[in-house]
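Notes follow once the structure below has been shown.
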Amino acid sequence: MSSVNAMAPDSLSIQDQRTGKNYTVPVEGDHIRAAQLEQIVKTEGAPGLVSYDPGLINTAICKSTITYIDGEKGILRYRGYPIEELAEKKSYLEVAYLLIHGELPSPSDLAEWQHNITFHTLIHENLKVFMSGFRYDAHPMGILVGTLGALSTFYPDAKNVKDTASRRLQIYRLIAKIPTIAAFAYRHSQGWAYIDPSNDLSYAENFLSITFRPSISSRYEVHPELARALDVLFVLHADHEQNCSTSAMRAVGSSLADPFSCAAAAAAALYGPLHGGANEAVVRMLEEIGSVDKIPAIIQEVKAGKRRLMGFGHRVYRNYDPRAKIIKRMADKVFEITGMNPLLHVALELERIALSDEYFISRHLYPNVDFYSGIIYQSMGFPTDMFPVLFAIPRMSGWLAQWQEGVTDPEQRIVRPKQVYLGPGERHLP
Ligand code: ACO
């Protein structure tokens, strides 16, 4: 591959000033293969050059056809379709199908897909016993992580990750069962008996029903507008290309672990306050601020580096997160039904002040998806610690689409990054 002073079209010429040697590295599309850097050595036999990239900020770990983001322009598309169109015209289950299969379902595909997802919503009675073993005050996200991992022991057939039919079955199971597990995690914290899913309801309606219906004998009418709002939130959260949790899903999947174990790892990654835990952190922050007169002091603390404004900033978006725009509009519809959430005033004023402040402008810090979603979840009646769980439910379809793409990609190998070793050289015990 290397050649001295060779010029080829679509190539990168590298001159190593340490040795005076020239290298030509092929450029494929808009990337080079990092392994090409290995040939660049300081002395014969020395280790090759590596790219040091903590946080993988400029390293593509896969080729993907699923989700496209242009962070500068604030664009998000699933399989080519703009998120705005999908959120307006498609249901979450249609979008999940699109992510997994690459195309939107025909009416008969959709009917079969909905039937299969509905058919798999029940969980094994032993899994209920497993869940009831968590402490009464266990964080529902901890319950979700543990229970997803436990599911792998119920489905040993899921180990056949190279088998198309087996993969399809696990995909049905995971998309179908995650709302059931999420609802049970909530019911556990309330001390309520678990209620089996209602197969005559839509995906979002069923989830709301089995979460909030106090008992099997009590009536609970799901408000159709709230179910639709939740469904839109599910569409917006379904995938976001190579974020922390999706990378965890792919990394664990690269060892050919079963998808339940991979999903537990992805959910664990989502748990952190810098990722899926941010919506929880936003509401806690807004509650702590309490009133608009306290905002200037908070902004000062942020600018002094003492704290971060939760729900602001994004690794990829250097513009307004397109999902945050849709959610902000949707908040008004939800509050018409639930009544105004007083935290909205604080959030709107915080956004207004931050977006006119040089600190935020120069760093391209805009509201992200989490800034308004938490306030909506709270108005729907969800406790704060359920917010990351509400993120995990729809993200399951994205995780699975990415996992499937990874395990079927002939170029993928087990993830095994390199390091820059800075420890002691060889030394010996006395
Ligand atoms: N509040 C204040 N300052 C911030 C914020 C913030 N929320 N985010 C970034 N900055 C500042 C940093 O201090 C840094 O400033 P400096 O250059 O003076 O040191 C600069 O902006 C760049 O920040 P990084 O940490 O390098 O940005 P990175 O891309 O690594 O982080 C992240 C992205 C983690 C999302 C960050 O913006 C953050 O912590 N936001 C708050 C948490 C949050 O809302 N997370 C949800 C993300 S969306 C999702 O996961 C669904």
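For the list (1) more than 21 Å from P394 (Cα to Cα); (2) out of contact with any helix residue (DSSP H, G or I) (no Cβ under 7 Å at 6 or more places or on another chain); (3) surrounded by 19 or more Cβ atoms within 10 Å (Cβ to Cβ), I need the number of the one condition that V161 fails.
Of the numbered conditions (1) more than 21 Å from P394 (Cα to Cα); (2) out of contact with any helix residue (DSSP H, G or I) (no Cβ under 7 Å at 6 or more places or on another chain); (3) surrounded by 19 or more Cβ atoms within 10 Å (Cβ to Cβ), the odd one out for V161 is (2).
Against the definition (assigned to a helix (DSSP H, G or I), at pLDDT below 95 and either within 15 Å of the ligand (Cβ to nearest atom) or not assigned by TED's automatic domain parsing to the domain that holds A150 (or both)), how does A281 come out, yes or no?
Against the criterion (assigned to a helix (DSSP H, G or I), at pLDDT below 95 and either within 15 Å of the ligand (Cβ to nearest atom) or not assigned by TED's automatic domain parsing to the domain that holds A150 (or both)), A281 qualifies.
Select, from G311, G374, the only residue that is within 10 Å of the ligand (Cβ to nearest atom), under 25 Å from the mean Cα position of the chain (by Cα) and surrounded by 15 or more Cβ atoms within 10 Å (Cβ to Cβ).
G311
Please list, ordered by first then second residue, the pairs with beta carbon atoms under 7 Å, 6 or more apart or interchain, first in region 414-425 and more than 21 Å from I57 (Cα to Cα), second assigned to a loop (DSSP other than H, G, I, E, B).
Within 7 Å, no pair qualifies.
Can you name the helices (runs of 4 or more DSSP H) wholly within region 121-214 that have at least 2 residues being over 22 Å from the mean Cα position of the chain (by Cα), farther than 29 Å from R228 by Cα and aliphatic (A, V, I, L, M)?
Answer list for region 121-214: 125-132.
Here is a list: Y359, Y366, Y320. Which entry is more than 17 Å from E280 (Cα to Cα) and either basic (K, R) or over 25 Å from the mean Cα position of the chain (by Cα) (or both)?
Y359
Anything in region 359-371 that is among the hydrophobic types (A, V, I, L, M, F, W, C) and near the ligand (Cβ under 9 Å from one of its atoms)? List them, or say none.
Kept after step one, since they are among the hydrophobic types (A, V, I, L, M, F, W, C), are these residues of region 359-371: 360-361, 365, 369, 371.
Across region 359-371, the qualifying residues are F360, L365, V369, F371.
Taking the conditions exactly as written (farther than 18 Å from P417 by Cα, part of a helix (DSSP H, G or I), hydrophobic (A, V, I, L, M, F, W, C) and within 16 Å of the ligand (Cβ to nearest atom)), does L270 satisfy them or not?
yes
Can you confirm whether L350 is in the same structural domain as Q242 (by TED's automatic domain parsing) and assigned to a helix (DSSP H, G or I)?
no
Consider only pairs whose beta carbons are under 7 Å apart and that are at least six residues apart or on different chains; among these, list those whose first residue lies in region 333-347 and is under 9 Å from I375 (Cβ atoms) and whose second residue is of a type in the set (D, E) and assigned to a helix (DSSP H, G or I).
L343/E287
Could you list, in sequence order, the residues of region 1-60 that are basic (K, R) and either assigned to a loop (DSSP other than H, G, I, E, B) or modelled with pLDDT under 95 (or both)?
Matches in region 1-60: R18, R33, K42.
Run N279 past the list (1) surrounded by fewer than 21 Cβ atoms within 10 Å (Cβ to Cβ); (2) over 11 Å from the mean Cα position of the chain (by Cα); (3) not aliphatic (A, V, I, L, M) and report the number of the one that doesn't hold.
(1)
When the residues of region 61-86 are filtered to those that are buried (at least 17 other Cβ atoms within 10 Å of the Cβ) and within 16 Å of the ligand (Cβ to nearest atom), which remaining residue is modelled with the lowest pLDDT?
The qualifying residue modelled with the lowest pLDDT is G74.
Filter region 321-332 for residues that are surrounded by 15 or more Cβ atoms within 10 Å (Cβ to Cβ) and either away from the ligand (no atom under 16 Å from the Cβ) or in a loop (DSSP other than H, G, I, E, B) (or both) and give the result.
Within region 321-332, D321, M330, A331 meet the criteria.
Could you check, for region 284-297, whether at least one of its residues is more than 12 Å from the ligand (Cβ to nearest atom), among the basic types (K, R) and over 22 Å from the mean Cα position of the chain (by Cα)?
There is at least one residue in region 284-297 that is more than 12 Å from the ligand (Cβ to nearest atom), among the basic types (K, R) and over 22 Å from the mean Cα position of the chain (by Cα).
Could you look through region 239-263, keep only residues that are among the small types (G, A, S) and crowded, with 24+ Cβ neighbours inside 10 Å, and pick out the one that is farthest from E94 (Cα to Cα)?
Among residues in region 239-263 that are among the small types (G, A, S) and crowded, with 24+ Cβ neighbours inside 10 Å, the one farthest from E94 (Cα to Cα) is G253.
Collect the residues in region 230-264 that are without any contact (Cβ under 8 Å) to a residue 24 or more places away in the chain and within 16 Å of the ligand (Cβ to nearest atom), keeping them in residue-number order.
If the condition is that a residue be without any contact (Cβ under 8 Å) to a residue 24 or more places away in the chain and within 16 Å of the ligand (Cβ to nearest atom), then A248 is the only one that fits.
The values are calculated or read from the model by the stated rules, or taken from the named source; none is laboratory data. Note that the structure is predicted; figures quoted are calculated from it, not measured. Using ideal geometry, Cβ is built from the backbone for each residue, glycine included, and neighbour counts are taken over all protein chains shown.
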